[in-house]
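These notes concern the structure reproduced below.
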Amino acid sequence: MAHRVTLIPGDGIGPEIVEASLPVIEASGATIEWEFCKAGLEVMEEHGTPLPEAVLASLRRNRVGLKGPLTTPIGKGIRSVNVALRKALELYACLRLCKSYPGVRSRYEGVDIIVVRENTEDLYAGVEFEAGSEQARQIAAMGGDKIRPESAISIKPISAVATHRIVKFAFDYAVANNRKKVTAITKANIMKFTDGLFFQVAGEVAKEYEGKVEYQEALIDAFCMQVVQRPENFDVLVLPNLYGDIVSDLCAGIVGGLGVAPGANIGEGCALFEPVHGSAPKYTGLNRTNPAAFILSAVMMLRYLRETEAADRLERAVAAVIAEGKSVTYDFKPTRDDPSAVGTKEMAAAILAKLQKE
Ligand code: NAD
């Protein structure tokens, strides 16, 4: 059966990575009909917004999307197109796979951590009050002598409903993917009501999975030290929004950086797959950046579509090219100007050649 997928090439390095990668994804064996949608800087002029309604309508219709990076326009109306997309489609779970591929330059090997980040609340809710504003003063007064009167203030909402939903997502992911342990991470010893609620709800959800998946709690500071010492001790992580944001990058760094970091934002019946990296404006049009994170995001998408064989085949081809180290982009090399590095197109072509040889 053909899968209809919304494809957003994005801007910056997005279009060149997408152009090089699509034939590779199509050679995996899954049948996909792409519905191309433009968003981002290139449609701003024409539509007056980087996120035209047609893009959202396509994603709502197809329920699955694959996307290149989108630049956040500085000083323009919309805060971030990426955040707006997640909000509009209620993509509440951010899923990042942090896996070691032999051949990637990293201090670690054998790491395989899944980061599940809550996407809709916490300090990311965008409820902020400027220093000196009337509202900030009123809230400061409520804090008594704990808040200086001229402080800027951000609100951190954590709800039982959103926590339940994200922790259940993490456990269901663990069960479906044969993972053994879920670790919930917060700073509940200090933020007793907000992070405390996250742990309380996570503990309740964990009981439903007793005997199937182990549950553990960790404090964010201790976790950061432990994960850089022994990343192999961790399996699936579940975190509120801000800690999740930071820990996603920490774990991506542990396995070798942005070139191999795929991700997804998932909601009820809708999922958008995308690499973790951004639009890297300084490399735009230069055929230099790594297509692997985008192709590995497509691997995640194929697994979501239950195209397991195609996903395995595609991942094996990416891993083989990285392990060989011959046709890889500059970011896999010791220096940025290493003359043996190849371009985006050449690396994608090498992955395609591996697929065709299987
Ligand atoms: P970035 O990820 O675009 O680039 C940072 C650096 O990482 C680059 O200069 C480059 O050295 C390296 N890099 C990134 N992708 C690479 C690749 N595929 N291969 C090799 N090297 C790569 O981050 P930034 O410079 O902070 O952001 C640029 C723009 O992208 C901003 O407007 C930002 O808002 C946006 N952004 C979008 C997304 C998204 O669409 N989901 C994510 C992050 C950033």
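Quick grid of which residues meet (1) among the hydroxyl-bearing types (Ser, Thr, Tyr); (2) under 13 Å from the mean Cα position of the chain (by Cα):
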| site | (1), (2) |
| --- | --- |
| Tyr209 | yes, no |
| Leu219 | no, no |
| Val227 | no, no |
| Val247 | no, yes |
| Gly256 | no, no |
| Asn265 | no, yes |
| Leu272 | no, yes |
| Asn287 | no, no |
| Phe294 | no, yes |
Given (1) away from the ligand (no atom under 15 Å from the Cβ); (2) surrounded by fewer than 23 Cβ atoms within 10 Å (Cβ to Cβ); (3) in contact (Cβ under 8 Å) with a residue 40 or more places away in the chain; (4) within 27 Å of Lys156 (Cα to Cα), number of the condition Leu250 does not satisfy
(3)
Reported set for the range 273-291 where residues are within 7 Å of the ligand (Cβ to nearest atom) and polar (S, T, N, Q) is Ser279, Thr289, Asn290
Take the range 114-163 and flag every residue that is within 19 Å of Met191 (Cβ to Cβ), in contact (Cβ under 8 Å) with a residue 12 or more places away in the chain and assigned to a helix (DSSP H, G or I).
Asp122, Leu123, Tyr124, Ala125, Ile139, Ala140, Ala160, Ala162, Thr163
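Give me a count of the residues in the range 313-326 that are in a helix (DSSP H, G or I), free of Cβ contacts under 8 Å to residues at least 60 places away in the same chain and either among the hydroxyl-bearing types (Ser, Thr, Tyr) or open to solvent by 10 Å² or more (accessible area, probe 1.4 Å) (or both). Lay out the reasoning, then the answer.
Looking only at the range 313-326, we keep the residues that are in a helix (DSSP H, G or I), and these are 313-324.
Remaining after also requiring free of Cβ contacts under 8 Å to residues at least 60 places away in the same chain: 315-316, 320-321.
Right, trim to either among the hydroxyl-bearing types (Ser, Thr, Tyr) or open to solvent by 10 Å² or more (accessible area, probe 1.4 Å) (or both) and you get 315-316, 320.
Qualifying residue count, the range 313-326: 3.
Each row is one residue, and each column tells you yes or no for (1) open to solvent by 20 Å² or more (accessible area, probe 1.4 Å); (2) within 16 Å of the ligand (Cβ to nearest atom); (3) out of contact with any strand residue (DSSP E or B) (no Cβ under 9 Å at 6 or more places or on another chain); (4) in a helix (DSSP H, G or I).
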position: Ala271; (1), (2), (3), (4): no, yes, no, no
position: Ala293; (1), (2), (3), (4): no, yes, no, yes
position: Ser297; (1), (2), (3), (4): no, yes, no, yes
position: Ala311; (1), (2), (3), (4): no, no, yes, yes
position: Val328; (1), (2), (3), (4): no, yes, yes, no
position: Arg336; (1), (2), (3), (4): yes, yes, yes, no
position: Pro339; (1), (2), (3), (4): yes, no, yes, no
position: Lys345; (1), (2), (3), (4): yes, yes, yes, yes
position: Ala353; (1), (2), (3), (4): yes, no, yes, yes
Considering only the range 221-234, I want to know if a residue exists there that is surrounded by fewer than 18 Cβ atoms within 10 Å (Cβ to Cβ), without any contact (Cβ under 8 Å) to a residue 40 or more places away in the chain and within 16 Å of the ligand (Cβ to nearest atom).
no
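Going by the structure shown, is Glu19 open to solvent by 50 Å² or more (accessible area, probe 1.4 Å), in contact with a Ser or Thr (Cβ under 9 Å, 6 or more places away or on another chain) and not in a strand (DSSP E or B)? Explain how you work it out, then say what you get.
Numbers: open to solvent by 50 Å² or more (accessible area, probe 1.4 Å): yes; in contact with a Ser or Thr (Cβ under 9 Å, 6 or more places away or on another chain): yes; not in a strand (DSSP E or B): yes.
Taking the combined requirement at face value, the residue satisfies it.
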Val104 being in a strand (DSSP E or B), closer than 28 Å to Val318 by Cα and either touching a Ser or Thr at 6+ places or on another chain (Cβ under 8 Å) or touching a residue at least 60 places away in the same chain (Cβ under 8 Å) (or both):
no
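The values are calculated or read from the model by the stated rules, or taken from the named source; none is laboratory data. Everything numeric in this text was worked out from a predicted model, so none of it was measured. When we count neighbours, we look across all protein chains shown, and the Cβ atoms used for this are built from the backbone with ideal geometry, even at glycine. Just so you know, the surface numbers come from the protein's heavy atoms only, side chains and all, with ligands and any DNA or RNA stripped out. Shrake-Rupley method; radii C 1.70, N 1.55, O 1.52, S 1.80 Å.
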